[in-house]
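Novice: I'd like to ask you about the structure that follows.
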Amino acid sequence: MPSFIKSISKPTTPMITFENSKSFADKSDLEDELAYIRDRFNIPQHDGSDTVYFCGNSLGLQPKNTNVYVNQELTDWAQLGVEGHFKKDTGWFAYHELVRDAAARIVGAKPIEVAVMNHLTVNLHLLLVSFYRPSKDRYKIICEAGAFPSDRYALQSQARFHGFDPDDAIVELEPSEGSDLIAEEDILQAIEDCGDELALVMFGGVHYFTGQVLDFKKITEAAHEVGAYAGFDLAHAAGNLKLELHQWNVDFAAWCSYKYLNGGPGTVGGIYVNERHVKNPHLPRFAGWWGNDPATRFKMPHQFTPVLTADSWQLSNAPILEMAALRASFELFDEAGMDRLVKKSNALTSYLKFVIEDVLTSLAKSDLVKIITPFAEQQQGCQLSLQFETDGKKIFDSLTSKGVIADWREPDQEGRGSGVIRVAPVPLYNSFNDVYRFGQLLQEAIKSL
Ligand SMILES: *Cc1c(COP(=O)(O)O)cnc(C)c1O
């Protein structure tokens, strides 16, 4: 492990100086105890060599073992037909249990609080059925302005479904004046101001656009203080941050598994529901047979008896092939562990920030790029959002043509800058050399403007 990784996780010790050089990147990769895991992934190619793949926040890469896990289930299906439901160890009847514990470790929850099921927006709706039950007096929802559209649509349609005008029911918090970020004080103040009217607070744990990370614990406490629930969308947080959902007392959360969790395009997502809620059979929820107590599920009872775990939010039997793909990735998460991943992530992203700033300084172009992602080593996701003053799209296209895979976002509605490039060095498969190469290619792109 590079020596600076330790110092980065302890802000009291001075950081060792990064260098924007090939030799520094080589040395850091050599010392990185997780570096070997890169070889367990298929890295997309460009002109015969590895791309600089910084898009794991959008679609994670494919573990080489994904084939093995998925093919096993295809073979079992071919050979066993319906009997595959009860085969030894990996029977489809309880296949979702094979991914549950690893998912719980990733989000910092007890296994009974987690179910791998459905897809993100579907899961948000199912959770809102339980956690948004507004009354005439308590019906407001606080969320961030500029939330991912699907989350907004979900909240708006839920408000309407209950007979409320979304413009009245939903309080969208804007970034503070002159900033791209929502100030934590503003969130806490808004919660206090809504008081008895507040039913629910729902935020993205990592903002998909700016990369801002919120304080889950503080927000949850503040919501509980006024008698509201707190839920989080973990699309950009699961597999990226060190989460402690149970300890933070978060009420519910949902995520997708195709971003940092590397489950493959559109694969099965997951939910977390706090223990005190899963143990409450009276909490309303939509029901289906896969949420029934498995002891009686196949007896097809007339009355639904929820199993007292997060599984009771499941409706349908499990998508086995998607879960098989997820197992390949979870195997790697378990091998690395979130603690080591987050440590490496902090080092890699700090290095990326350093390299970008070094390139800009050396070209006397410091004003060209603003890194809008706030930087706090203790709780820093791996993504950086680079807002370009001018020429953003040109630079993005140039990077793409040279083998960088990143993500382009048009300028925001306020028209600040000329658009944003999001880059996410992912600790499972990205290297210090990826970061160094990115810097070199960024330099070339800016020079050729
Ligand atoms: C990626 C993402 C989604 C996608 O939702 P799906 O239901 O999986 O298509 C939703 N919300 C956020 C915040 C996201 O980042």
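Novice: Can you give me the accessible area per residue for the chain, using a 1.4 Å probe, in Å²? The partial results should precede the final answer.
Specialist: Working: 18870 Å² over 449 residues.
It amounts to 42 Å² per residue over the chain.
Novice: Could you tell me which of the pairs LYS110/LYS279; LYS27/LYS370; LYS242/LYS353; LYS370/LYS393; LYS22/LYS447 are separated by over 24 angstrom between their Cα atoms in the structure shown? Kindly include the intermediate steps, with their values, before the conclusion.
Specialist: Details: LYS110/LYS279 13 Å; LYS27/LYS370 29 Å; LYS242/LYS353 20 Å; LYS370/LYS393 15 Å; LYS22/LYS447 20 Å.
As for pairs spanning more than 24 Å Cα to Cα, those are LYS27/LYS370.
Novice: To the nearest 10 degrees, how steep is helix 96-107 against the longest Cα principal axis of the chain, on a 0 to 90 scale?
Specialist: Here the helix axis deviates by roughly 50 degrees.
Novice: Now a separate question. Run lengths n ≥ 4 of DSSP H only: what is the helix-derived mean residue ellipticity at 222 nm for the chain, with -39500 (n - 2.57) per run over all residues, to the nearest 500? Numbers along the way, then the final one.
Specialist: On the way: 16 runs with 174 residues, N = 449.
One gets -11500 deg cm²/dmol as the mean residue ellipticity at 222 nm.
Novice: Among HIS224, HIS46, HIS207, which one moves the most in a GNM of the chain with springs linking Cα atoms closer than 10 Å?
Specialist: HIS46
Novice: Okay, moving on. Note the full-extension length gain between LYS370 and ALA94 as 0.36 nm times their separation in residues minus their Cα-Cα distance, in nm to one decimal.
Specialist: On the way: separation 276, 0.36 × 276 = 99.36 nm, distance 4.86 nm.
Gain on extension, LYS370 to ALA94, equals 94.5 nm.
Novice: A further question follows. Connecting C-alpha atoms closer than 10 Å in a GNM of the chain, tell me which of LEU98, LEU326, LEU124 has the biggest fluctuation.
Specialist: Of LEU98, LEU326, LEU124, the most mobile in the Gaussian network model is LEU98.
Novice: Now for a separate question. How large, in percent, is the carbon and sulfur part of the accessible surface of the stretch 67-335 at a probe radius of 1.4 Å? Numbers along the way, then the final one.
Specialist: Working: 5920 of 11190 Å².
Using a 1.4 Å probe with all protein chains present, the stretch 67-335 comes out at 53 percent carbon and sulfur.
Novice: Can you tell which of TRP77, VAL99, ALA238 lies farthest toward the positive end of the dipole of the stretch 67-335, using +1 and -1 charges on the Cβ of basic and acidic side chains (Lys, Arg; Asp, Glu)?
Specialist: TRP77
Novice: Next question, about the same structure. Ranked from highest to lowest mean number of other Cβ atoms within 10 Å per residue, what is the order of the peptides 175-181, 383-389? Show your work: numbers first, answer last.
Specialist: Working: 175-181: 13.6, 383-389: 22.3.
Those peptides, ordered most packed to least, come out 383-389, 175-181.
Novice: Next up: Mind telling me which of VAL423, VAL213, VAL307 comes out most flexible in a GNM of the chain, alpha-carbon contacts under 10 Å?
Specialist: Residue with maximal mean-square fluctuation among VAL423, VAL213, VAL307: VAL307.
Novice: Let me ask something else about it. Under the definition of Cα pairs under 8 Å and six or more residues apart, what whole-number percent is the relative contact order of the chain?
Specialist: Working: 850 pairs, mean separation 101.6, N = 449.
Result for the chain is 23 percent.
Novice: Describe numerically, in nm with one decimal, the distance between label points set 7 Å from Cα along Cα→Cβ at ALA336 and at ASP137.
Specialist: The modelled label-to-label distance comes out at 5.0 nm.
Novice: Expressed as a whole number of Å, what is the distance separating the alpha-carbon centroids of the stretch 344-371 and the stretch 249-289?
Specialist: Cα centroid to Cα centroid, the span is 37 Å.
Novice: Show me the trypsin sites (Lys or Arg not before Pro) within the stretch 101-186 that DSSP assigns to loop and that have at most 16 other Cβ atoms within 10 Å of their Cβ. Present the calculation step by step, with values, prior to reporting the outcome.
Specialist: Details: sites: ARG105, LYS136, ARG138, LYS140, ARG152, ARG160; in loops: LYS136, ARG138.
Hits after loop and neighbour filter: LYS136.
Novice: Let me ask you something else. Could you work out how far apart the two model spin labels at SER157 and ALA183 are, taking each label as a point 7 Å from the Cα in the direction of the beta carbon, and quote it in nm?
Specialist: 3.6 nm
Novice: In addition: What are the extents of the Cα atoms of the chain along their three principal axes, in Å, largest first?
Specialist: Projected onto its principal axes, the Cα set of the chain covers 71, 59, 40 Å.
Novice: In addition: How many angstrom separate the Cα center of the stretch 99-128 from the Cα center of the stretch 184-246?
Specialist: 17 Å
Novice: Treating only the Cβ atoms of Lys and Arg (+1) and Asp and Glu (-1) as charged, compute the dipole magnitude of the stretch 209-286 about its Cα centre; round to the nearest 20 debye. List each step's numbers first, then the result.
Specialist: Details: 7 positive and 7 negative charges, 38 e Å.
With only Lys, Arg, Asp and Glu charged at Cβ, the dipole is about 180 debye.
Novice: Of the beta bridges DSSP finds with both residues in the stretch 67-335, what % are antiparallel, to the nearest 5? All intermediate terms of the calculation are to be shown ahead of the outcome.
Specialist: Working: 9 of 24 bridges.
Here the antiparallel bridges make up roughly 40 percent for the stretch 67-335.
Novice: Determine the dipole magnitude for the stretch 67-335: charges of +1 sit on the beta-carbon of Lys and Arg, -1 on that of Asp and Glu, nothing else is charged, the reference point is the Cα centre, and the result goes in debye to the nearest 20.
Specialist: Numbers: 21 positive and 37 negative charges, 264 e Å.
Its charge dipole is roughly 1260 debye.
Novice: Could you calculate the contour length gain from LYS393 to PHE86, that is, 0.36 nm times the residue separation minus the distance between their Cα atoms, to one decimal place in nm? Each step should come with its number before you reach the end.
Specialist: Values: separation 307, 0.36 × 307 = 110.52 nm, distance 5.32 nm.
Full extension from LYS393 to PHE86 adds 105.2 nm.
Novice: Moving to a separate point now. Take every DSSP beta bridge with both residues inside the stretch 161-303 and express the antiparallel ones as a percent of the total, to the nearest 5.
Specialist: Numbers: 5 of 13 bridges.
Rounded to the nearest five, the antiparallel share is 40 percent.
Novice: Would you mind getting me the FRET efficiency between GLU275 and LYS27? Use the beta-carbon distance for r and R0 = 60 Å, nearest 0.05.
Specialist: Details: r = 45 Å, r/R0 = 0.75.
Approximately 0.85, to the nearest 0.05.
Novice: I've got another one for you. Convert each backbone phi in the stretch 211-216 into a coupling constant with the Karplus relation 6.51 cos²θ - 1.76 cosθ + 1.60 (shift: θ = phi - 60°), then list the ³J(HN,Hα) values in order as whole Hz, x for Gly and Pro.
Specialist: In residue order, the calculated couplings are x, 5, 9, 9, 8, 4 Hz.
Novice: I need the shape label for the stretch 67-335. Rule: rounded when a/c is under 1.5, else prolate if a/b > b/c, else oblate, with a, b, c from the alpha carbon gyration tensor. Before the final figure, lay out the partial values.
Specialist: On the way: a/c = 2.26, a/b = 1.59, b/c = 1.43.
Taking the square roots of the gyration eigenvalues as a ≥ b ≥ c, the stretch 67-335 is prolate.
Novice: Right, next: If you take every DSSP beta bridge whose two residues both sit in the chain, what share of them, in percent to the nearest 5, is antiparallel? Please list the in-between numbers first.
Specialist: Values: 23 of 41 bridges.
Here the antiparallel bridges make up roughly 55 percent for the chain.
The values are calculated or read from the model by the stated rules, or taken from the named source; none is laboratory data. As the structure is a prediction and not an experimental result, all values here were calculated from the model. No Cβ is skipped: glycine too gets one built from the backbone with ideal geometry, and neighbour counts run over all protein chains shown. Just so you know, the surface numbers come from the protein's heavy atoms only, side chains and all, with ligands and any DNA or RNA stripped out. Shrake-Rupley method; radii C 1.70, N 1.55, O 1.52, S 1.80 Å.
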